[in-house]
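Each value in this text was obtained by applying a stated rule to the coordinates, not by laboratory testing. Note that this is a predicted model, so its numbers are computed, not measured. Glycine gets a Cβ as well: all are built from the backbone with ideal geometry, and neighbour counts include every protein chain shown.
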Amino acid sequence: MSPAPIALFAYNRPEHLRRVVESLRQDPLAVASDLHVFCDAPRKPEHAPAVAEVRRYVRKIDGFHSVTIIEREHNFGLARSIQDGVTRLCDAHGCAVVVEDDLQVAPDFLGFLNRGLDRYAGETGVYQISAYMYPCEYGNRSDALFLPMISCWGWATWKRAWDNYDPTLSGYAQISADATLRQRFDLNGAYDYFEMATQQRKGTIDSWGICWHMSVFIRDGLVLYPRRTLVQNIGVDASGTHGGGHSELQLTLGDERVDTAMLRFPSTVQVDKPALRQVEHLLRSMKPGLIKRFLNWIRK
């Protein structure tokens, strides 16, 4: 089976974009993967020079099976751009790998995501494959595990799952009316995702991430995570539109290449409860200011 197409979202950070492209090219599957670069238009006049530099750079990208460039004529913003781009690739190819321009990936990034897409393609309870993992110790039971929340830092999904993406947050009323459900939605109180959903409904934030999180949660969906992170956010320098501040949750990537054909995936699709408790403990242990800045990623 051919590797899933890659949707790469870029705006006005040419140096960050170069780093993510260079890291993607180190993956053995890059030469067989079709890369689709979605270049947003300037939101402000002062962004225009950097946007132009990004577009000049992407026209020179090589090292992939093919490179398709989509240059927005008007500014979409990240949320609309991702919704449009992921929908476009899923409709055409049945699945997609999603990367933003503030990420650096490990050499087995594409291998893990594509193996996960193949392994759980028919498992309707699995909605996403994540390349990011929280910096905790998870033991050696397998090379991956399931958690009940989505990730925005390097991921993949199928059309069958993404078709459930709901920007209207139609599950809000159900969660609001059920205290037990709301507690679970908030990772047992580790973070108030429900408040973010409330802000989204009010229009005070514009977050595709919280919409996707609720879309998956309300259907009891699960996400496959690697036991060690395969992606690092390099946008913590506050250069991005949505800011940084997540360095406490970033681990430096190694350059070790793993034989992804030998990965041990969970045989049962169910939440890894010990791992979930560790993630919840990590989030609770962070200072309020840090946790607030960390969750800027899902506000995008």
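Given R0 = 35 Å, the distance between the Cβ atoms of Lys60 and Glu195 translates into a calculated FRET efficiency of 0.20. Note on Ser267 and Arg119: the extension gain reaches 52.3 nm, defined as 0.36 nm multiplied by sequence separation minus the Cα-Cα distance.
Can you list the trypsin sites (Lys or Arg not before Pro) in region 1-73 that are in a DSSP coil and have 15 or fewer other beta carbons within 10 angstrom? For trypsin sites (Lys or Arg not before Pro) across region 1-73 that sit outside H, G, I, E and B with at most 15 neighbouring Cβ atoms in 10 Å, the list reads Arg59, Lys60. Counting other Cβ atoms within 10 Å as a rough exposure proxy, the listed residues Ile82, Ile205 run Ile205, Ile82 from fewest neighbours to most.
Paramagnetic label reach from Ser170 (point 7 Å along Cα→Cβ; backbone nitrogen cut-off under 18 Å): within region 198-225, residues 201, 210-221.
Restricting region 129-198 to trypsin sites (Lys or Arg not before Pro) that sit in a DSSP loop and have at most 13 other Cβ atoms within 10 Å of their own Cβ leaves Arg141.
Restricting to Cα pairs below 8 Å that are 6+ residues apart, what does the relative contact order work out to for the chain? Please round to a whole percent. The value is 22 percent.
Fully extended, how many nm does the chain gain between Leu181 and Ala50 (0.36 nm per residue separation, minus their Cα-Cα distance)? Could the numbers behind the result be given before it?
Values: separation 131, 0.36 × 131 = 47.16 nm, distance 4.43 nm.
Between Leu181 and Ala50, full extension yields 42.7 nm more.
Loop-located GluC sites (Glu not before Pro) across region 1-102 with a Cβ neighbour count of 14 or fewer within 10 Å are Glu73, with loop assigned by DSSP.
The lysine pair count for region 6-299, using Cα distances under 27 Å and pairs eight or more places apart or on different chains, is 7. Subtracting the Cα-Cα distance of Val31 and Thr87 from 0.36 nm times their residue separation leaves 17.8 nm of extension gain.
Summed over qualifying helices (DSSP H, 4 residues or more, each -39500 (n - 2.57)) and divided by its residue number, the chain shows a 222 nm mean residue ellipticity of -10500 deg cm²/dmol.
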